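The numbers here are math on the coordinates, done by the rules we state, and not lab data. These numbers come from a predicted model, not from an experiment. Because the Cβ atoms are built from the backbone with ideal geometry, glycine has one as well, and the counts that use them run over all protein chains shown.
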Amino acid sequence: MTSSSKKKQEKKKKDFQKPKLKVGKAKPKAASSTSTSFKAKSIALKQQALSTSAPTLEAQCAHHLGLLNHKADTQRKESLAFLTSVITSHPPTAPLPQPSSVIIPVAQRLILDGSNSVRQQLLKLLQSLPPGDIASHADQLLLHTRAAMTHLASEIRVFGLEVLEWLVGIAGVEVVSCAGGWVKMLKCFLSLLSWQSEASGKWSTAKSYGKSDSKIQVKQMNALTSFLRTGLYHAQAMAVVASESNFPLWQTDHHVLSERSNVYAHLNLFGATRDEEAEMYEDREDRQRVFHDRAEAAIVAGLEHATKGGGELGRASAQLRKVVKEGMADFYREEVAP
Amino acid sequence: MKRKVGAMEKVEADVAALRWKLKRDPQSYRDDFSNQYQQYETLRDLFLQDPGQTDSGVVALKDLIDFLSHTVDLYPEMTSTFHTELADMLLQHHDVLEYDLRDKIVGSLCLLKTKGVIDSITLLNTLFPILISTPSKSLRQLLFTKTLSVLRAENAKATNHKLNRTMQAVLFNLIESDSVSPQGIWAVKITREMWKRQIWSDARAVEVMRMAALSENEKVLTGGVRFFLGGDKEREEAAEESSDDDNDVDMARLRHQAGINKKTKKKARDLKNAHVSLKKKEKKKNAPHPLNFSALHLLHDPQGFAETIFSKHVQNSKNKLAHESKLLVLQLVSRLVGLHKLTVLSLYSYFLKHLTPRQASVTSYLACLAQATHDYVPPDVLEPLVQKIANEFVSEASASEVAAAGLNAIREICARQPLAMTDTLLQDLVMYRKSKDKGTMMAAKGLLSLYREVGADLLKKRDRGKDAAMGIRAGTIKDRRYGEEAVGEIEGIELLEKWKEEERRKKLEAAGLDPDADNGDAGLDNDEEDWKKWDVESDGDSDDSGGWINVESDGEDIQISDSEDEKDKKDKRPAKKAKLSSATPTPAPADNKETSKSVEPEAAKTLSKLLTTTILTPADLKQLQALRATTAIKSSLPSHKRAQLLAARHVDEAITAETIELAASIGKKNTKEEKVAMAKADRETNHQSTTAMRKEKKESEGKSTTNKEKARKKNFLMTLGKAKIKNKRSLGDVKRTLLGHIERKKRGGKRGNKGN
């Protein structure tokens, strides 16, 4: 027998050898079996509840807040669901088990979460929180919303619009008047709708990478409509305050303590210096002026193009046009010599 | 039911894909870029509110920064503030930033520099303050390498003087502003690295190191001192290494492989690149060696430096330097003193305190003392030191190593300043040559032979040796006095002169003239010929020169202008370039012959004239060498050999403790382990047969196997058929083949060449 044939025979023998089973003997183990037994002198339990009573609701909530950073999205979702159910079932008069000022900073980062179910659950949680608390965190939430709106993934972009709609509905005044809330949002919308018309030298605009269909554009326009309506129309709250006049005191609301936290935010005592974009525009007139300077022309031009498209897009653009027209109706510019 | 997703949607969150698309067509994807830029700005706002936070989400700030730093150069007008924002982020929050993000920002800034968005000075201005202030070790490491690579890249093609100057100024100020803080170590590290790579080799870099050596902080100061002691050696080694490692590419092999293997464009390109790089390396090798001064030579005011550093770090009893660092500083001071021949008198009195055998690492002190000795040190300063070494080290009671080290140290000192020795002490010390210990004996003999050369009259008469005794009797050997300098001369120049004179006389005699008489015309001819024989090749049998010319006596005959020479040689060869001196012949002084035979001092005068009046041509130099070789009797003498050895030792090289300890190790017996190791040293560790070695060699050369080897290795099954046929032949078959063989033989081979 040559060496090579011998080798071959040996090889042949090795493969697919049938194990012989014998009566009365233990079954031979498969070649691929892995021993899972282990030896240990002691076993350490990582978490062990020594208390006999169940944890309080506060502790449970704190635990679930910690779990919001968990790597598994189901876990994140479940924690959000737990928090939502606790808050909704809570009596509205009693204070929340964990204050909103704790929940919102932790939860708001999930606006940019990759999983859709987590995001939807987050929106439910946010909607269950008391509106007054949302208003005081509007600027933070708006930052995250803006990040979501310009996100590379279209799902997150759409979700950002949803959050914005909700946020404008619940705390519209705060949203349009917070630092960077007006100009940066306008800029963001313009760039999303690609209405900047800066690169006007092009022959035709190619369909951009990751650009969505007209459905998303409609949503964007609707969001922009509600945003502009809040920003450019007269605030209703003011009207309400003005209506009830307790006679000798005319401007009581200016003298009482403000309900808002951080009343002097517009003075920007501790932050970095703001440029025009990051400035707070608390007045309707200010907003109108900035809107006129920076966005109106682009929006009008973009609307013209969009209205021609007709259909759903056309309807949305008509809505938008109406809002712009009404909002800017009483705007007149004083020609100030620089 | 699950919705089917298109290919575009799947990769939507992929910034890498978008980056690729942007690079292809920047204008079309402008909106997408602006969206991403806004996203970045928003995330940045979020980040600035809580810098330590790790942000979740599909696309993190880190990825966005990466993406933007690769693409901002495509949209410069949109992103003018990007780099300042990055720099601010890093400068303000580097200590709380997440590691990944921090490293990414550093990398992005470097990338922006490569892309030309920011210049190197801005980049270094950002990186350097963090480097010296950050508590994170990994960040320091990263920044240090980045800083070095920026500096190297900026100096790769041409020296970037502006950048170098700014950087050196920054480093200098860093050390100068706060001499107590340990931050200066970064200045030391960067400068040393740049020095090693020969990127910085000017006085400014040395100035930084001088500042470092004068610093208060021990780390910084030892860094600076170590640089002066070892920086140049390190530089040389690095240069050698870089020149060594370039013979890796075997061009012949590459070409051979290119001929055999599949031809692809990539392989062709690789071959071409290898060729180009090889050419470049060869060019570099042939380029003239850059003239680099050592750091010690580039120092401004070495005297002041030596004095300050000595009084500040060594003499000052208040500072608490470790003994090793003090010794390092002492080494530097003594090195400076020896090299620049400085006068720091307090140094010697300092040594006096430390020269006892119980002093820790005393051999280093001895070496330092020897190093600090030169011929301008007053002998009366050195005398007590030598006396003390003799008293403390060299005695019958002391151990043999100690005595040997002491004697060796004395010899090293006296080799530099022979006047430091008194005759009684010397005669005492010389007696140790009868010692039983070999090391002591050798050291004493060394001292003896040294003084036979430099100061024989201090020795007893019977110790002086033949040469010295004869020299003293003849009066040729005179003791040199303090501060006296030897007259510089070319070795063997008197031989050349003598030979030239003889040649001239021969020539004149051949021409039938009186050799001793004045004959200007003949001299003229000689001289013309001599200039023609500028090169060595041109000289045959009549290689002579027209004697030397006394300039002082015949100044009016000198013609310096080239045109005159041109006129003279119009019909002869084209003019040489090296027509510097006038070659106008003048008669040699009549008493020339007498002077060469007369007393020595006069001869010395004449030989100096030869050098001042003529230019030695290459032919002359060759002749000089030949003459020197013929009179080589002197060179075989041990004293001459020793002198040569001393001359071969570079002036820049330091005397170390090993030099002093060397003598003691001579007589030492080896231990068993050492003997075994020595016996084994020249043997191979793993035995291999000759065949195996040959085979290995062949394989390493990439050669194939021989036919014999192939036959041996051939698969058995392949040979079976042939073997079978051979065995099974019948008698008839065998007969037929045999007959066929005979037939073929008759025909003269298979084809048959008989008929035609």
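Post the alpha-carbon centroid distance, segment B:649-727 to segment B:342-419, in whole angstrom. Centre-to-centre distance over Cα atoms comes out at 48 Å. Stretching B:ASN727 away from B:ASP428 to a fully extended chain increases their span by 97.8 nm, per 0.36 nm per residue minus the current alpha-carbon distance. Per 0.36 nm of contour for each residue apart, how much would the distance between B:ALA399 and B:SER361 grow if the chain were fully extended, relative to their Cα-Cα spacing? Difference between extended and current length: 12.1 nm. The mean number of partner chain beta-carbon atoms within 10 angstrom of a residue's beta-carbon across peptide A:112-119 is 2. Each Lys and Arg Cβ is given +1 and each Asp and Glu Cβ -1; about its Cα centre, segment B:302-474 then shows a dipole of about 240 debye. Charge dipole of segment B:269-389 (Cα centre as origin; +1 on each Lys and Arg Cβ, -1 on each Asp and Glu Cβ, all else neutral): 960 debye, rounded to the nearest 20.
Highest average first, the peptides B:211-222, A:310-321 ordered by how many other beta carbon atoms sit within 10 Å of their residues are B:211-222, A:310-321. Full extension of the chain segment joining B:LYS697 with B:LEU616 gains 24.0 nm, where the gain is 0.36 nm per residue of separation less the Cα-Cα distance. 3J(HN,Hα) along segment A:217-233, derived from phi through the Karplus expression 6.51 cos²θ - 1.76 cosθ + 1.60 where θ = phi - 60°, amounts to 5, 4, 4, 4, 5, 4, 4, 4, 4, 5, 5, 5, 4, 5, x, 9, 7 Hz, with x in place of Gly and Pro.
Panel order for B:MET167, B:MET251, by other beta carbons found within 10 Å of each beta carbon, from fewest to most: B:MET251, B:MET167.
In the structure shown, do any of B:LYS219/B:LYS318; B:LYS233/B:LYS280; A:LYS77/A:LYS124; B:LYS708/B:LYS745; B:LYS157/B:LYS279 have a Cα-Cα gap over 21 Å, and if so which? Where the Cα-Cα span goes over 21 Å, the pairs concerned are B:LYS233/B:LYS280; B:LYS708/B:LYS745. Legend: mean number of C-beta atoms from other chains within 10 angstrom of residue C-beta atoms, peptide A:138-147, equals 4.
Electrostatic bookkeeping for B:ILE130 treats Lys and Arg as +1 and Asp and Glu as -1; over the other residues with beta carbon under 10 Å from its beta carbon, the sum is +1.
If you plug the beta carbon distance of B:LYS460 and B:ALA252 into 1/(1 + (r/R0)^6) with R0 = 56 Å, you get a FRET efficiency near 0.20. Less than 12 Å Cβ to Cβ from B:THR737, Lys/Arg counted +1 and Asp/Glu -1: what total charge do the surrounding residues give? Here the count lands on +3.
Using the Cβ-Cβ distance between A:HIS90 and B:ASP25 with R0 = 60 Å, the FRET efficiency computed as 1/(1 + (r/R0)^6) comes to roughly 0.65. Simple rule: put +1 on each Lys or Arg Cβ and -1 on each Asp or Glu Cβ in segment B:302-474, find the dipole, and look at B:ALA399, B:ILE472, B:LEU321; the Cα lying farthest toward the positive end is B:ALA399.
With all pairs of different C-alpha atoms in the average, the Kirkwood value for the hydrodynamic radius of segment B:302-474 is 16.8 Å. The distance between label points at B:LYS735 and B:ILE490 comes to 9.7 nm (points 7 Å beyond Cα on the Cα→Cβ vector).
Sequentially through segment B:41-47, phi angles give Karplus couplings (6.51, -1.76, 1.60; θ = phi - 60°) of 4, 5, 4, 5, 4, 4, 4 Hz, Gly and Pro residues having no value and appearing as x.
Relative to one another, the C-alpha centroids of segment A:48-108 and segment B:223-241 are positioned 64 Å apart.
May I ask which of B:LYS284/B:LYS341; A:LYS6/B:LYS724; B:LYS438/B:LYS461; B:LYS262/B:LYS713; B:LYS196/B:LYS680; B:LYS698/B:LYS724 have a Cα-Cα span longer than 30 Å here? Over 30 Å Cα-Cα: B:LYS284/B:LYS341; B:LYS196/B:LYS680; B:LYS698/B:LYS724.
Between beta-carbons, use under 11 Å as the cut-off and find the net charge around B:ILE660, counting Lys and Arg +1, Asp and Glu -1. Local charge sum for B:ILE660: -3.
Across segment B:120-246, Cα-Cα distances exceeding 17 Å account for 57% of all pairs.
Per residue of peptide B:21-32, the mean number of Cβ atoms on other chains within 10 Å of the residue Cβ is 4.
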